[in-house]
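Below is one structure, written out as C-alpha cells, with a few remarks after it.
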Amino acid sequence: MRTTRLLMAAAASVMAFALTGCGSDDDGAKVPTAGGDTSKTAGAAGSGGEDALAAYIEGKRAWVKCMRENGVDINDPDEKGQIDFGNGDAVRGMKKDPKFLSATKKCESVNPPAPEGLEKLLNPLTPEQIKVKRDYAACMQKNGAPDFPDPGPDGADDNDAQWDQSSAGAQRAARICGPIIGVPSNPPPAKG
C-alpha cells in the first residue's frame, strides 16, 4: 500500500512537471545527464534559485541512474528536471509493472522532492502578468477590500496574508475588479 501511494505521488509529480511548459534557453550552461552526455539547463533565474534547480536536476539524474541500474530504462531529466514517461497509457502501464515498482522502492531514497518555489523558478510571471496582479490588488483595495495584499515584486502572492474575504466590501470589490483577471462581473446563471 505504501509503495502504491509513493509511486502514485512520484507519477503525479512527474506529470505535473511535464505539464508546466515547454521551451528551452539556448544560452543555458551545459549540465551532464545521467548517461554522461550533456544537455542545457534552464536560463538564469538568480543564484539561489539556480542552485536549488541544479541540485534538483542532479538528484533526478541520480534517481534515473538508480532506476536504470535496477532494470528500468527511462529518459534523462530535461533542463527543468522533468522526466518524460510518455503518454497516460505508458504511465498507467508502469504503475502495474513489478520491475518498475521494485526499482521505485529501491531508488526512493535518491529521488529528490521538488524544491519549494520550483514552479515560479521554471515559469516566472511576465511583466504583463505582474501588472495585471498589481492592478487587481489596487482595484480591490480602492473598492472595498483595503486589506487585500499587494503582490510581491515578482508578482507572487503572499499566501500567508490575511484579509477579510467575507465582508460586503470585499465581495463588492471582487465583482468590480473581477474583469481585470478575467472573471466576468455578471456571470451567466448556473445551469442544472
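The values are calculated or read from the model by the stated rules, or taken from the named source; none is laboratory data. It should be emphasised that the depicted structure is a prediction, and the values quoted were computed from it without experimental measurement. Every residue, glycine among them, receives a Cβ derived from its backbone with ideal geometry; neighbour counts consider all protein chains shown.
I'd like to check something: does region 120-127 contain any residue that is assigned to a helix (DSSP H, G or I), closer than 30 Å to V183 by Cα and in contact with a helix residue (DSSP H, G or I) (Cβ under 7 Å, 6 or more places away or on another chain)? Yes, that holds for at least one residue.
Scanning region 69-106 for residues that are under 20 Å from the mean Cα position of the chain (by Cα), on the phi > 0 side of the Ramachandran plot and modelled with pLDDT of 80 or more yields a single hit, G81.
Annotation for region 76-90: at least one member residue is among the hydrophobic types (A, V, I, L, M, F, W, C) and assigned to a helix (DSSP H, G or I).
Of all the residues in region 107-131, those that are over 30 Å from V72 (Cα atoms), modelled with pLDDT of 80 or more and surrounded by fewer than 17 Cβ atoms within 10 Å (Cβ to Cβ) number 6.
If I filter region 168-185 down to residues being exposed (fewer than 10 other Cβ atoms within 10 Å of the Cβ) and under 32 Å from the mean Cα position of the chain (by Cα), which single residue comes out as modelled with the highest pLDDT?
Of everything passing the filter in region 168-185, G182 is modelled with the highest pLDDT.
Is it the case that some residue within region 138-160 is modelled with pLDDT under 90, under 30 Å from R61 (Cα atoms) and outside any helix (DSSP H, G or I)? Checked region 138-160: at least one residue is modelled with pLDDT under 90, under 30 Å from R61 (Cα atoms) and outside any helix (DSSP H, G or I).
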